[in-house]
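J.: Just dropping this structure here.
The values are calculated or read from the model by the stated rules, or taken from the named source; none is laboratory data. Since the model is a prediction, treat every value here as computed from it, not as a measurement. Reconstructed Cβ throughout: ideal geometry from the backbone, glycine too, with neighbour counts over all protein chains shown.
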Amino acid sequence: MLIHREAAGDAAAIRAVTAAAFGERGAAGLPVEATLVDELRASDAWLPGLSLLATGPVGEVIGHVVCTRGHVGDAPALALGPLSVRPDSQRRGVGSALMHAVLGAGDALGEPLVALLGSPAYYGRFGFRLSDTCGIAPPRPAWQPHFQVRLLSAYEPGLRGTFAYPEPFDRT
């Protein structure tokens, strides 16, 4: 397995992996997560260096993760998601490798934190914790049991407030 940045021409393979990973179909015939990646890529929140692919032994895309520009108040932060792994490659360390790579890249870029909505049991292994322990509120209060943050090296304890996802997330 190799982890690398998304390159020109990878969008269709990313869409296919995301569609396979998230089975429930939306109005466009694709899972909302697949169309979300396309909408994020077309938005001002897109951070090309934080769209990472996992490829298998013959170069096929087997996983993808993306972080885009979010905010805590006026301060920049990262919004993680979706994380997608092709079903036949799940439970083989692909998701973990992608998570470690994107968190390391965000840290190297001087980002203060990464926020996500997901399973505490899964994401806790990567250092995520419930956001309220850091004074960061989810955009929707009902998300609190699953809204988490991972503090990075540039985090300052005074960074508090409500997290805002990029606009394409508002349509999901």
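J.: For residues in region 29-40 being more than 14 Å from ALA13 (Cα to Cα) and without any contact (Cβ under 8 Å) to a residue 40 or more places away in the chain, which is surrounded by the most Cβ atoms within 10 Å (Cβ to Cβ)?
T.: Result: PRO31.
J.: Restricting to strands (runs of 3 or more DSSP E) lying wholly in region 1-100: which have 1 or more residues that are aromatic (Phe, Trp, Tyr) and at pLDDT below 95? Break it down into steps so the answer makes sense when it comes.
T.: Numbers: elements: 2-5, 51-55, 61-72, 75-85.
Hits in region 1-100: none.
J.: Among (1) buried (at least 23 other Cβ atoms within 10 Å of the Cβ); (2) of a type in the set (A, V, I, L, M, F, W, C); (3) in contact with a His (Cβ under 7 Å, 6 or more places away or on another chain), which single condition is LEU78 missing?
T.: Every condition holds for LEU78 apart from (3).
J.: For the list (1) more than 30 Å from ALA13 (Cβ to Cβ); (2) over 16 Å from the mean Cα position of the chain (by Cα), I need the number of the one condition that ALA121 fails.
T.: (1)
J.: From (1) under 23 Å from GLU156 (Cα atoms); (2) in contact (Cβ under 8 Å) with a residue 40 or more places away in the chain; (3) within 13 Å of the chain's Cα centre (by Cα), pick out the condition that doesn't hold for LEU53.
T.: (1)
One line per residue, one yes/no per condition, for (1) closer than 22 Å to VAL37 by Cα; (2) among the hydrophobic types (A, V, I, L, M, F, W, C):
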{"position": "GLY124", "(1), (2)": "no, no"}
{"position": "LEU130", "(1), (2)": "no, yes"}
{"position": "THR133", "(1), (2)": "no, no"}
{"position": "PRO139", "(1), (2)": "yes, no"}
{"position": "SER153", "(1), (2)": "no, no"}
{"position": "ARG160", "(1), (2)": "no, no"}
{"position": "PRO168", "(1), (2)": "yes, no"}
{"position": "ARG171", "(1), (2)": "yes, no"}
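J.: Could you pull out the residue among ASP107, ASP88, ASP44 that is surrounded by fewer than 22 Cβ atoms within 10 Å (Cβ to Cβ) and under 21 Å from ARG160 (Cβ atoms)? Talk me through it step by step, then tell me what you get.
T.: Details: ASP88 fails: under 21 Å from ARG160 (Cβ atoms); ASP44 fails: under 21 Å from ARG160 (Cβ atoms).
The conditions single out ASP107.
J.: So which residues in region 120-165 are crowded, with 18+ Cβ neighbours inside 10 Å and in a helix (DSSP H, G or I), if there are any at all?
T.: Those that are crowded, with 18+ Cβ neighbours inside 10 Å and in a helix (DSSP H, G or I): TYR123, SER131, CYS134.
J.: Yes or no: region 18-28 includes at least one residue that is buried (at least 21 other Cβ atoms within 10 Å of the Cβ) and either of a type outside the set (Gly, Ala, Ser) or out of contact with any strand residue (DSSP E or B) (no Cβ under 9 Å at 6 or more places or on another chain) (or both).
T.: Going residue by residue through region 18-28, those that are buried (at least 21 other Cβ atoms within 10 Å of the Cβ) are 18, 21.
This time we only want the ones that are either of a type outside the set (Gly, Ala, Ser) or out of contact with any strand residue (DSSP E or B) (no Cβ under 9 Å at 6 or more places or on another chain) (or both), so: 18.
Yes: region 18-28 contains one or more residues that are buried (at least 21 other Cβ atoms within 10 Å of the Cβ) and either of a type outside the set (Gly, Ala, Ser) or out of contact with any strand residue (DSSP E or B) (no Cβ under 9 Å at 6 or more places or on another chain) (or both).
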